[in-house]
Amino acid sequence: MGTRAEVVQIGTNIFFKPLKFRWGHTLLQFGLLPLTAFIKFLDNSKDETSGHEEHFLTAEASPKGFHELTPMRRVVVLLVGPTCTLLLGVGLLLLSVCLGGPQVNVKVPGDDVIAVSAVPGLTVAKQPATVAGQHALIRSTIGEFCLRFTTYGAMKGWGGPIAWIITCGYVGTVSTLAWVSCAALLIVANSALNLLPIPSMNGGYIVFAVWESIFGPFDEKLQLRLVLCGVLFIVAVFVYALFIDVCWFVEHLWA
């Protein structure tokens, strides 16, 4: 697309530094918890060595900074990460179906109940997973959680992202392919969150780029303020999610 990724990080670490590898001009970083991901693109406005280290490149061959791209090219670049993540999550859900893994359900009598679960009534069926069943699983987990989360509904028995990671471990003791389905839900949720039109997320920057392609450049000072508000909003969301996790820990692990 005419630009270059300088840093790509998948996952996050709380107590340890991420694993780092160099691939060409790109630094790859991997964390243990698949809760976040980000890409830092080339910014020629801050590249003071471009005239020395890359003088041998022609103007056509030199990669452009992200903000030097046309608005619609920026949209495409911004869509690549969340789209690939979403396809990975959906692919893992379909993999469980293709390999005949058990269907993970919510509140289905006769199934094996997961004793410690971030979703009340989570069960693993003895029947193989189906496409319709995986779709229903998304609606009864991610969809129901988002509905309760955004409307301040009752969260008793529900856990946040950390509780869901623990739930995946418990599901894995029942079936490896059921664990794959549960891990895929976390990946799908992360990609969907990143596509929301929040100024600090990819979805918000897509809105800015589309606005620029239609109405001209967005006011930089206003965009900076909106991004700051978006960051504060995301921090508030994570604090609320952490509070839900703490309540879940108290209810399920300390009881």
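Read-outs: derived from the displayed coordinates by stated rules, not from any lab. Remember, it's a predicted structure, so these values are computed and weren't measured experimentally. No Cβ is skipped: glycine too gets one built from the backbone with ideal geometry, and neighbour counts run over all protein chains shown.
In the range 129-172, which chymotrypsin sites (Phe, Trp or Tyr not before Pro) fall in coil by DSSP and have 12 or fewer other Cβ atoms within 10 Å?
Here the chymotrypsin sites (Phe, Trp or Tyr not before Pro) that fit, given the DSSP loop and packing criteria, are Y152.
What's the exposure ranking of V97, V80, V239, going from fewest to most Cβ atoms within 10 Å?
Working: V97 18, V80 13, V239 10.
Neighbour counts put them in this order, fewest first: V239, V80, V97.
FRET efficiency for the pair K40 and R225, taken as 1/(1 + (r/R0)^6) with r the Cβ-Cβ distance and R0 = 22 Å, rounds to 0.50. For L27, the residues 5 or more places off, or on other chains, whose built amide H falls under 5 Å of its own are V7, V8. In order along the range 137-153, phi translates into HN-Hα couplings of 5, 4, 5, 7, 10, 5, x, 5, 5, 4, 5, 5, 5, 7, 9, 6, x Hz, rounded to whole numbers, per the Karplus curve 6.51 cos²θ - 1.76 cosθ + 1.60 with θ = phi - 60° and x for Gly and Pro. If R0 equals 35 Å, the separation of the Cβ atoms of V246 and V174 corresponds to a calculated FRET efficiency of about 0.85.
One chain, two ends: L27 and W211. Fully extended at 0.36 nm per residue, the span grows by 63.1 nm beyond their Cα-Cα distance. The value of relative contact order for the range 111-255, using C-alpha pairs under 8 Å at least six residues apart, is 25 percent. Shape class for the range 179-255: oblate, because the ratio a/c of the largest to smallest gyration tensor axis (alpha-carbon atoms, square roots of eigenvalues) is 1.5 or more and b/c is at least a/b.
Sort Y205, Y240 so the one with the fewest other Cβ atoms within 10 Å of its own Cβ comes first.
Numbers: Y205 21, Y240 14.
Taking fewest neighbouring Cβ atoms as first place, the list is Y240, Y205.
Modelled spin-label separation between T130 and V7, with each label point placed 7 Å from Cα along the Cα-to-Cβ direction: 4.7 nm. Taking square-rooted eigenvalues a ≥ b ≥ c of the alpha carbon gyration tensor, is the range 72-255 rounded, prolate or oblate, where a/c under 1.5 means rounded and, failing that, a/b exceeding b/c means prolate? Oblate.
Between the beta carbons of T83 and F149, assuming R0 = 35 Å, the FRET efficiency works out to 0.90 to the nearest 0.05.
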